[in-house]
Amino acid sequence: MGTDTSIVSLENVSYRWRGRASFGLDIADFRLAPAETVLLLGESGSGKSTLLSLICGTITADQGAVRVAGTDIASLSAGARDRFRAEHIGLIFQQFNLLPYASVLDNILLPLRFAPQRRARVDDPSEAAGALCAALGLPVDVVTAQAGTLSVGQQQRVAAARALIGAPPLIVADEPTSALDAATQATFLDLLFAQVRASDSTLLMVSHDARLAPHFDRTVEISEITKVPA
């Protein structure tokens, strides 16, 4: 049997929320290949956020193995999981989670402060941040602006640049297009995919919107890989 080269693999994973024994996830097998783009679909309450939390190591499985870039997340201490996440996972949140009074540049460079290996892949961080902004269709002078003064679409692209800088092997995006109209959504996805490909990163995007499926290599319904107790 060959070596598993998956960027993400979950095997025989079970998780129950504390105090909510009736709600949890059972995942027999779920894998993401290097440089693959995957859309994970599911309605609210279907367990998408729980699955992302397991992959990112903010919660750990009750049983089974969750591996990211070959590392078993459960084998790490809480502090080590935080450091591992900073090094290996770029996160794009639904609400973007930018520091509103900090500059765009400071927001983009923030992950590198906690990820020395990721930082080492960037020759000139400020130049790399500016290049990402340009590639994502932002104005040249945006790096000096306060993040909170930008439009929703611009904030979303800054959040994407923050996730992409330093080329982490995995990009996780949680409903990042939910606040955008269809045209802006399509433009953002085209720009994001170009940068994901340039970094050879794997992209896992969570959404409830099946219309996004044509953009991705593969679409997975969470009901296909999980059993969510009633």
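None of the figures in this text is laboratory data; all of them are computed from the coordinates on show. Worth saying up front: this structure is predicted, and the values here are computed from it rather than measured. Neighbour counts are summed over all protein chains in view; Cβ atoms, including those assigned to glycine, are modelled from backbone coordinates with ideal geometry.
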**OP:** Please sort by residue number the GluC sites (Glu not before Pro) in the stretch 1-64 whose DSSP state is loop and whose Cβ has at most 13 other Cβ atoms within 10 Å.
**Re:** 43
Subject >> Angle between the chain longest axis and helix 125-135 axis [Cα atoms, degrees, rounded to 10] >> reply: 90 degrees
Original post:
Along the Cα-to-Cβ line of residue 209, 7 Å from the Cα, sits a label point; which residues in the stretch 69-106 have backbone N less than 11 Å from it?
Top reply: none
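Quickly rank 178-184, 78-84 as a protection proxy: mean count of other C-beta atoms within 10 Å, highest first. Each step should come with its number before you reach the end.
Numbers: 178-184: 12.1, 78-84: 14.0.
Final packing ranking: 78-84, 178-184.
Could you rank the peptides 24-35, 142-153 by their average count of other C-beta atoms within 10 Å per residue, with the highest value first? Display every interim value, and only then the final one.
Numbers: 24-35: 17.8, 142-153: 15.4.
Listed from highest to lowest mean packing, they are 24-35, 142-153.
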Original post:
Given that just one value was derived from the coordinates, which of [x] 37; [y] 15; [z] 24 is percent of Cα pairs over 33 Å apart?
Top reply: [y]
